[in-house]
Each structure stands twice: as C-alpha cells, then as structure tokens.
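Any read-out appearing in this document is the output of simple, stated calculations on the displayed coordinates, not a laboratory observation. Note that the structure is a prediction, hence the values are computed from the model and not measured. Note that we place each Cβ from the backbone using ideal geometry, even for glycine, and neighbour counts take in every protein chain shown.
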Amino acid sequence: MKLYVRHEFDCTPEMFWKMYWDDRFDAMLRKSSTVDRELLSEEKSADAHRRRIRFTPHKELPRAIASLLGSKKLIYEQDNTFEPARSRMLWQVIPTILPGKLTAKGTFQVNSTPNGCAQVIDGEIKVNVRFVGGKIEQAVVAEVVKSYEQTAKTSREWLKKFGG
C-alpha cells in the first residue's frame with residue numbers, strides 16, 4: 001500500500017533539518033508521542049548520517065490482529081540514512097514480527113517551496129499475510145499518517161519557538 005504524506009513549513013530546508021536533529025525538538029516529540037523511541041545505533045560521515053531506532057507503541061493492537069501476529073504491540077526498528085547533499089532521508093523498517101512478510105521503505109524528502117519548504121514522505125508498506133494483509137496495511141498506513149500529522153504540529157511549534 002502506498003504511503004504519501006506532505007506538509008509545508010515556513011522555513012528553509014536547512015532550518016527544517018536543523019530542527020529535525022535538535023535535541024529540543026526530540027524532547028517535544030517525545031512529550032506528544034504515542035510511541036517510545038530508543039536509539040540503537042548512530043553513525044555520521046561527511047556524506048550521510050545513519051540511525052537505527054526501535055519504536056514501541058504505547059497502544060496495543062486490536063485483539064484479533066494481536067493473536068494473528070503473536071504480539072500485543074507492533075514493535076519495529078527503522079534504519080534511517082540521511083543524505084544532506086540531497087536533503088533526503090532513506091528509511092526502511094526492520095520488523096520484529098512477521099519476518100519476510102512485512103516490508104516498509106521509502107524516502108523522507110525536504111524541498112524548497114516559494115513560501116518555505118515541503119516535507120514529503122513517500123513509501124510503500126506491504127504485508128504478505130493471506131486474507132488480512134490489506135487490512136493490516138491500511139491500519140499501519142493510517143497510524144503512520146496520524147503520527148506525521150502530530151509531528152507536523154510539533155514542528156510548527158518548534159519553529160515558532162526556536163526557528164529564529
């Protein structure tokens with residue numbers, strides 16, 4: 001299932017990325033988040049900034065899906081590689097459940113616009129489970145979109161407070 005989320009901000013792409021990597025922004029995200037994030041690894045070079053993060057939602061999955069998956073929560077890890085020269089991050093989900101049956105990957109791009117910048121998340125989420133894969137995909141995409149809506153709200157708050 002296709003994932004596409006776009007938000008515009010009143011800042012340059014450079015300011016957006018400055019915000020994205022700022023500890024104060026991370027703290028603001030954690031306050032309003034429904035997901036716990038744990039940094040597993042981080043590597044920086046001149047060409048890329050790579051992070052691996054584990055996400056654990058506060059909310060449990062619906063009972064029927066949880067019994068099917070064998071887990072009460074959809075815990076996953078995400079491998080992010082930021083390419084500053086291209087103003088984008090490549091992301092890929094490494095599932096802790098459904099090995100070989102769930103794939104999720106895409107790009108997180110920030111582009112200049114006449115009034116600032118646009119953040120565009122473009123990706124695909126596939127769940128290869130007979131009969132219910134499509135339903136799981138819909139639920140996951142809906143949660144991801146909801147999460148980015150909250151993140152956009154927090155981004156605008158950070159930009160008002162710290163964006164200069």
Inset, instruction - Apply the Karplus parameterisation 6.51 cos²θ - 1.76 cosθ + 1.60, with θ equal to phi minus 60°, to every residue of the stretch 118-130 and state each ³J(HN,Hα) to the nearest whole Hz, in sequence, with x for glycine and proline. - result: 10, 9, 10, 9, 10, x, 9, 10, 10, 10, 9, 10, 3
Legend entry - 21 Å Cα-Cα threshold exceeded, pairs from K126/K153; K2/K101; K31/K146; K105/K153; K105/K146; K44/K101: K126/K153; K105/K153; K44/K101
Inset, instruction - Pull up all non-local amide H partners of S71: gap of 5 or more, or a different chain, and H-to-H distance under 5 Å with H placed in the peptide plane. - result: none
Inset, instruction - Any chance you could run the full-extension gain for D22 through L39? It's 0.36 nm times the residue separation minus the Cα-Cα distance, nm to one decimal. - result: 4.7 nm
Legend entry - Paramagnetic reach from K153 (point 7 Å along Cα→Cβ, amide N under 13 Å) across the stretch 68-101: none
Inset, instruction - Only Lys, Arg, Asp and Glu count, each charged at its Cβ (+1, +1, -1, -1), so figure out the dipole size of the stretch 2-162 about its Cα centre, rounded to 20 debye. - result: 540
Legend entry - Inter-label distance for V145 and K59, nm, one decimal - labels placed 7 Å from Cα along Cα-to-Cβ: 1.4
Legend entry - Local electrostatic count at P13 - Lys and Arg +1, Asp and Glu -1, tallied over other residues with Cβ under 11 Å: +2
Inset, instruction - Work through the residues other than L3 whose Cβ is under 14 Å from its Cβ and net out their charges, Lys, Arg +1 and Asp, Glu -1. - result: 0
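Taking 30 Å as R0, compute the FRET efficiency from the Cβ-Cβ separation of A118 and A66 and round it to 0.05. Spell out each step's value before the answer.
Numbers: r = 36 Å, r/R0 = 1.21.
Rounded to the nearest 0.05, the efficiency is 0.25.
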Legend entry - HN-Hα J in Hz across the stretch 34-47 - Karplus 6.51, -1.76, 1.60, θ = phi - 60°, x for Gly and Pro: 10, 9, 8, 10, 10, 6, 9, 7, 8, 9, 10, 9, 5, 9
